[in-house]
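The values are calculated or read from the model by the stated rules, or taken from the named source; none is laboratory data. Here the structure is a predicted model, which is why all the values come from computation and not from measurement. Positions of Cβ are generated from backbone atoms using ideal geometry, with glycine treated the same way; all protein chains shown enter the neighbour counts.
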Amino acid sequence: MTTALLTHPDCLKHVTPEGHPERVARLKALLPALEGKDLLSEDAPLATRDQILLAHPGSYYDSIQGAVPVDGFRQLDPDTWLSPGSFRAALRGAGGAVRAVDMVMNGYADNAFVACRPPGHHAETAEPMGFCFFGNVAIAAKHALDHHGLDRVAIVDFDVHHGNGTEDLVKSDERILFISTHQMPLYPGTGDPSFTGPHGTIMNIALNEGADGRAYRPILANHILPRLRSFRPELMIISAGFDAHANDPLAGLELETEDFVHITRELLALAAEVCGGRVVSCLEGGYDLDALAEAGAAHVDELIAAGA
């Protein structure tokens, strides 16, 4: 078996205003870096309304759909914009994550990478924010639990920004462990380590500006991996944000590509130990195009190696 790659041309049709960091060029940089790799490529399907409603109320789905402009742009918050192609692109991201779960759980692939945009981990229950409309990884986790009959799913978010949306969507579900490492203080201002959720299934790890791989690796070894091992998820979902890279313009962590390789390799080894290697990784941030392409490709190389 192999690693599945899910993406779709619709994700290039979510257009943002000139100068916006979450831009079409992100996928145009990343996807060529994945060409020629041993991947099972498949078009990301459109999420159904019922799939979106696993995490969001119907009124919210309808409000996003109804806000899509016929042309030009519509601004939903200081950072989040809709263009005519945005709604379908957002549905591809959620649908791709759901399909990736199905492929991995049904044995069609060992693991999967969902290369879609816009990202999803800032979208709260009924509020778009931070470039995000739908909580892709939360939807995927709830689908895995409800459709595949799992008891425990873990989400690991190594984006430089706290995954406040994912936390909001899963904090009340004791079947989902959510672990987020993020620079603090930084947008969106959430992610205090003191918050563990009503069931103790939230683990927020705050990193100081300037933290590099030497700071991150002991946290991974001594805190993240033991927590995952004790939770024993039956599926691991990764929010793969590459904006913790030293070259990223939106934040101040100092990870290098080799650090993303190490993080990915260690998470995959843990997954092999506790859940048969079942991993779905979904693209989140990463706004320096060269760093995104290099680190994203290295991340996918590790997924491929784990499934070989």
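Across segment 47-84, what is the number of residues that are buried (at least 18 other Cβ atoms within 10 Å of the Cβ) and part of a loop (DSSP other than H, G, I, E, B)? First the steps, then the outcome.
Of the residues in segment 47-84, the ones buried (at least 18 other Cβ atoms within 10 Å of the Cβ) are 47, 51-52, 54-56, 60-61, 64, 79-83.
Going one step further and asking which of them are part of a loop (DSSP other than H, G, I, E, B), we end up with 47, 54-56, 79, 83.
Qualifying residue count, segment 47-84: 6.
Considering segment 85-106 alone, what residues qualify as being outside any helix (DSSP H, G or I) and in contact with a Lys or Arg (Cβ under 7 Å, 6 or more places away or on another chain)? Spell out how you get there, then give the answer.
Taking segment 85-106 as the starting set, the residues that turn out to be outside any helix (DSSP H, G or I) are 85, 106.
Result: G85, single match.
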Please work out if G96 is touching a Phe, Trp or Tyr at 6+ places or on another chain (Cβ under 8 Å), at pLDDT 95 or above and buried (at least 18 other Cβ atoms within 10 Å of the Cβ).
no
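Just a yes or no: is a residue in segment 142-154 closer than 25 Å to P32 by Cβ, touching a strand residue (DSSP E or B) at 6+ places or on another chain (Cβ under 6 Å) and not β-branched (V, I, T)?
Scanning segment 142-154 turns up no residue that is closer than 25 Å to P32 by Cβ, touching a strand residue (DSSP E or B) at 6+ places or on another chain (Cβ under 6 Å) and not β-branched (V, I, T).
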Since F158 meets every condition but one in (1) touching a Leu at 6+ places or on another chain (Cβ under 7 Å); (2) touching a residue at least 60 places away in the same chain (Cβ under 8 Å), which condition does it not meet?
(1)
Single residue of L270, L250 found to be of a type in the set (A, V, I, L, M), at pLDDT 95 or above and in a helix (DSSP H, G or I):
L270
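Would you mention how many residues in segment 24-46 are small (G, A, S), assigned to a loop (DSSP other than H, G, I, E, B) and more than 14 Å from G93 (Cβ to Cβ)?
Filtering segment 24-46 for residues small (G, A, S) gives 25, 29, 33, 36, 41, 44.
Restricting the remaining residues to those that are assigned to a loop (DSSP other than H, G, I, E, B) gives 36, 44.
Right, trim to more than 14 Å from G93 (Cβ to Cβ) and you get 36.
Qualifying residue count for the region: 1.
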Give all pairs with beta carbons closer than 6 Å in which a residue from segment 213-242 that is among the basic types (K, R) meets a residue that is at pLDDT 95 or above; count only pairs at least 6 apart in sequence or on separate chains.
R227/M203; R232/V274
Taking only pairs six or more apart or across chains, which ones have beta-carbon atoms under 6 Å, a first residue in segment 8-23 that is buried (at least 21 other Cβ atoms within 10 Å of the Cβ), and a second residue that is of a type in the set (F, W, Y) and part of a loop (DSSP other than H, G, I, E, B)?
E22/F131
Quick check on segment 283-306. Is at least one of its residues free of Cβ contacts under 8 Å to residues at least 60 places away in the same chain, within 24 Å of R117 (Cα to Cα) and out of contact with any strand residue (DSSP E or B) (no Cβ under 9 Å at 6 or more places or on another chain)?
yes
Given (1) surrounded by fewer than 24 Cβ atoms within 10 Å (Cβ to Cβ); (2) closer than 26 Å to G107 by Cα, T257 misses just (2)
Of the residues in segment 276-298 that are touching a Leu at 6+ places or on another chain (Cβ under 6 Å) and in a loop (DSSP other than H, G, I, E, B), the one that is farthest from E35 (Cα to Cα) is R278
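How about segment 1-21: which of its residues are charged (D, E, K, R) and in a loop (DSSP other than H, G, I, E, B)?
First, the residues of segment 1-21 that are charged (D, E, K, R): 10, 13, 18.
Once the filter is applied, which keeps residues that are charged (D, E, K, R) and in a loop (DSSP other than H, G, I, E, B), segment 1-21 yields K13, E18.
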For segment 28-40, pairs from a residue that is on the phi > 0 side of the Ramachandran plot to a residue that is assigned to a helix (DSSP H, G or I), with Cβ under 6 Å and 6 or more apart or across chains, are none
